[in-house]
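The values are calculated or read from the model by the stated rules, or taken from the named source; none is laboratory data. Computed from a prediction, not measured in an experiment: that's the story for all the values here. We place every Cβ from the backbone using ideal geometry, glycine too, and count neighbours over all the protein chains shown. These accessible areas exclude ligands, DNA and RNA; they are computed on the full protein's heavy atoms, side chains included. Shrake-Rupley method; radii C 1.70, N 1.55, O 1.52, S 1.80 Å.
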Amino acid sequence: MTSEPEQQLGVGTQDAFQRLWTPHRMAYIQGENKPTGPGAGDGCPFCSIPAKSDEDGLVVRRGEQVYAVLNLYPYNGGHLMTVPYRHVADYTDLTAGETAELAELTKQAMTALRTASGAHGFNIGMNQGTVAGAGIAAHLHQHIVPRWGGDTNFMPVVGHTRVLPQLLADTRKMLAEAWPAS
């Protein structure tokens, strides 16, 4: 015997919880914080983040040429990015020093994520160009996404969303405290 779904009150169409709402994603979809053009002065968030406090910018670690920052629209809890301070779009345009520091901060990020959250594995990579999926193609950034056994469930498959169990400010603090000494 199946029962009728309970009536839902409030805004939206009655659907008996068949739809999952993630209104915070609308900011990303509508292009909030996206640059207006390809130049460093065109509102590039990766150029403006270093001028903010670590807490306000979600910066976890600052190097001499590269910094590590939490992704504002994460694929998973603890999703970090390593970003050169210099506004450069292509990996082949990095200097040898930037390339080395990007790699070193990526290694340190992995260590911090393992220490802080017990990550079992990682997805690490860059999307070079808009056609390759780069949300902000004009400023290179490398993603470090921690993974755990069984971390994919029905939410991303059915609901097309992720459930993050921690606020970004708390994640930033936890990772900054777990970051290995240089």
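Structure data summary
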item	result
Integer Hz, Karplus 6.51/-1.76/1.60 couplings in order for the stretch 101-111, x for Gly and Pro	5, 4, 5, 5, 5, 5, 4, 5, 4, 4, 4
Two-site FRET efficiency, L167 against A100, from Cβ-Cβ distance with R₀ of 30 Å, rounded to 0.05	0.35
For the stretch 57-178: Kirkwood Rh in Å [reciprocal of mean 1/r, alpha carbons]	14.9
Hz values of 3J(HN,Hα) by residue in the stretch 114-120 - Karplus curve (6.51, -1.76, 1.60), Gly and Pro given as x	5, 5, 6, 10, x, 4, 8
Accessible-area value, E104, 1.4 Å probe, nucleic acids and ligands omitted, Å²	80
Residues whose placed amide H lies under 5 Å from that of V66, excluding near-sequence neighbours	Y85
The stretch 37-112: chymotrypsin sites (Phe, Trp or Tyr not before Pro) in DSSP loop, at most 15 other beta carbons within 10 Å	Y75
Table column - 3J(HN,Hα) (Hz), the stretch 31-40, Karplus curve with 6.51, -1.76, 1.60, x for Gly and Pro	x, 4, 6, 8, x, 8, x, x, x, 4
